[in-house]
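Take a look at the structure set out below.
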Amino acid sequence: MKKFYIFMAAVICGLASCSTDEVETFDEHNYLSFEKSTLAYTFAFSGSDVTSADFELPVVFAGRFSQTDRQFSIVPVAEKSTAKEGTDFQLLAANEQTIKAGMSSGRGKIRLMRTPALKEDDLKLVLAIAANENFLPGVTDTLTVTISDRIMQPDWWDWTYNSYLGSYTKTKFVLWLEFMGVSDGSNPFDADEYIMWTDRGTGNFIYKEYRESATKPKVSQFRQWLIKTKGDPMDPDYNMPVSQMLGTNY
């Protein structure tokens with residue numbers, strides 16, 4: 001396939017009388033992207049003694065694998081951010097932004113600071129991937145991080161979660177964590193009991209999915225717990241019992 005692209009480039013250049021110096025192979029560069037364009041972090045589940053948190057930034061790249069670790073560069077976009085460097089966040093050392101050898105993905109880090117103002121207003125931090133000797137910015141080259149100290153919809157409550165629990169509400173979220181015995185705001189289904197890895201025909205087990213044989217009965221138990229143990233509580237934002245606001249996949 002690569003030979004075909006080179007051949008076609010040579011033909012086109014021949015017709016256009018261009019220099020061979022202008023011909024680049026399609027895989028000459030490595031392009032790095034953020035895995036998502038938006039993420040959120042809240043200190044709401046942290047103890048009062050917690051003043052900062054190192055927040056992970058998932059990235060993926062398209063290009064050639066390497067046998068050595070490669071560093072990438074992340075920079076703040078000040079004009080698009082309400083978070084201020086040095087007060088609300090800190091950039092970490094370059095060795096915290098690394099793609100490990102033989103890997104096509106990695107996680108950078110940035111330190112978020114807990115300030116009293118977060119109790120009242122969320123902050124927005126826009127980050128960008130900067131070109132360096134290892135990577136050029138890819139398709140998703142910017143990331144918006146919402147920083148809060150209030151209960152907010154977590155990143156893991158996505159469309160798949162909606163099929164189980166319905167649309168996010170603060171009341172439903174808090175009750176779900178209580179039922180599952182989770183105190184840090186993390187995804188209760190992010191455990192071996194509920195997760196399976198599939199290949200979707202690629203031969204590599206890289207796709208993370210929920211195991212319905214475990215998740216569906218748990219959501220059904222949650223509904224019964226709401227009715228029998230919690231007295232079928234109402235969601236004040238919708239004036240409906242939470243038990244009637246779950247998804248259809250249980």
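The values are calculated or read from the model by the stated rules, or taken from the named source; none is laboratory data. Keep in mind it's a predicted model, so treat the numbers as computed, not measured. Here the Cβ is made from the backbone with ideal geometry for all residues, glycine too, and neighbour counts use every protein chain on show. Accessible surface is based on the protein model in full, side chains and every heavy atom, while ligands, DNA and RNA are left aside. Shrake-Rupley method; radii C 1.70, N 1.55, O 1.52, S 1.80 Å.
For Lys228, the aspartates and glutamates whose Cα comes closer than 16 Å to its Cα, not counting residues fewer than 8 places off in the same chain, are Glu178.
Comparing mean-square fluctuations of Ser213, Ser148, Ser46 from a GNM of the chain with C-alpha springs under 10 Å, the top value falls on Ser213. Taking Lys119, Lys208, Lys216 in turn, the Gaussian network model of the chain (Cα-Cα springs below 10 Å) assigns the largest fluctuation to Lys208. Length available on full extension from Ser167 to Ser186: 0.36 nm per residue minus the Cα-Cα distance, which gives 5.1 nm. Length gained on full extension, Ser66 to Asp54: 1.7 nm, using 0.36 nm per residue less the C-alpha separation. Taking all protein chains as they are arranged and a probe of 1.4 Å, the heavy atoms of Ser186 leave approximately 50 Å² accessible to solvent. Compared with the direct C-alpha span, the chain from Lys218 to Asn95 gains 40.2 nm at full extension, assuming 0.36 nm per residue.
Per residue, how much space in cubic angstrom lies within the convex hull of the C-alpha atoms of the chain?
On the way: hull volume 49.1 nm³, N = 250.
Considering the Cα atoms of the chain, their hull volume per residue is 196 Å³.
Less than 11 Å Cβ to Cβ from Trp225, Lys/Arg counted +1 and Asp/Glu -1: what total charge do the surrounding residues give? Here the charged neighbours net out to +2. Within the full protein context, the accessible area of Leu136 is estimated at about 60 Å² for a probe radius of 1.4 Å.
Straight-line cross-link reach from Lys208 at under 28 Å between alpha-carbon atoms covers these lysines, not counting any fewer than eight positions away in the same chain: Lys36, Lys100, Lys109, Lys170, Lys172, Lys216, Lys218.
3J(HN,Hα) along region 222-227: 4, 4, 5, 5, 4, 6 Hz, from the Karplus curve 6.51 cos²θ - 1.76 cosθ + 1.60 with θ = phi - 60°, whole Hz, x for Gly and Pro. Between the helical axis of 170-180 and the longest alpha-carbon principal axis of the chain there is an angle of about 80 degrees. Largest GNM mean-square fluctuation across Tyr161, Tyr31, Tyr238, computed for the chain with C-alpha springs under 10 Å, falls on Tyr238. Counting only Cβ charges, +1 for Lys and Arg and -1 for Asp and Glu, the dipole size of the chain around its Cα centre is about 620 debye.
Counting only helical runs of four or more DSSP H residues, what would the 222 nm mean residue ellipticity of the chain come to if each run contributes -39,500 (n - 2.57) and the total is spread over all its residues?
Values: 4 runs with 50 residues, N = 250.
Estimated from H runs of four or more residues: -6500 deg cm²/dmol.
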